[in-house]
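Chemist: Have a look at this one.
Just so it is clear, none of the values below were taken in a lab; they were calculated from the coordinates. Source: prediction; values computed, not measured. Neighbour counts are summed over all protein chains in view; Cβ atoms, including those assigned to glycine, are modelled from backbone coordinates with ideal geometry.
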Amino acid sequence: MLAALKAGESGLDSREVEQRLNRYGRNELPPPQRKHPLLRFLSQFNNALIYFLLAAAVGAAALDHLLDASVILAVVVINAVVGFV
C-alpha cells in the first residue's frame, strides 16, 4: 500500500511533498458559497405550511377578519425572522 502511494514508513520526504503540492495543490475544501442575506430571509417563506398560512391570511382578510389576518401574518414574519437568525 505504501509503495502505491510512493510513501515510506515515516511519511513523505520533503521533495515528494513539494512535488505533490505543486501538482495537486493544498488539501483544502473550497470555502462554501454564501447566499445574500436577503435571499436567505426570503427562503424562509419557501415552505408548504407558510403557503397555507399566507392563504389563510388572505382568506381571513377577504372575510373582513383583519385581526385574524394580521395575527397570522405576524406569526409568519416572526417565524421567518427566527429562521433567518
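Chemist: What's the ranking of 71-79, 46-54 by average number of surrounding C-beta atoms within 10 Å, highest first?
Modeler: Highest to lowest by the protection proxy: 71-79, 46-54.
Chemist: For Ala3 and Leu21 in one chain, what is 0.36 nm times their gap in residues minus the Cα-Cα distance, to one decimal in nm?
Modeler: 4.6 nm
Chemist: Another question, then. Could you work out the relative contact order of the chain, using alpha carbon pairs under 8 angstrom and six or more residues apart, expressed as a whole percent?
Modeler: RCO, the chain: 24 percent.
Chemist: Let me ask something else. Compare the peptides 57-70, 11-24 by average per-residue count of other Cβ atoms within 10 angstrom and give them in order, highest first.
Modeler: Taking the mean over residues of other Cβ atoms within 10 Å, the ranking is 57-70, 11-24.
Chemist: Hey, what angle do you get for helix 66-84 against the long axis of the chain, alpha-carbon based, 0 to 90 degrees rounded to 10?
Modeler: Between helix and principal axis, roughly 10 degrees.
Chemist: Note down the net charge around Leu12, summing +1 for each Lys or Arg and -1 for each Asp or Glu among other residues with Cβ under 10 Å from its Cβ.
Modeler: Residues near Leu12 contribute 0 overall.
Chemist: Here's something else I'd like to know. Tilt of helix 48-62 relative to the longest C-alpha principal axis of the chain, in degrees (0 to 90, nearest 10)?
Modeler: 20
Chemist: Further, regarding this structure: So how much slack lies between Phe52 and Arg34, counting 0.36 nm per residue of separation and subtracting their Cα-Cα distance, in nm?
Modeler: 3.6 nm
Chemist: Two decimals is fine: what is log10 I(q)/I(0) at q = 0.18 Å⁻¹ for the stretch 7-83, from a Debye sum with one equal scatterer on every Cα and no solvent?
Modeler: Values returned for q = 0.18 Å⁻¹ are -0.81.
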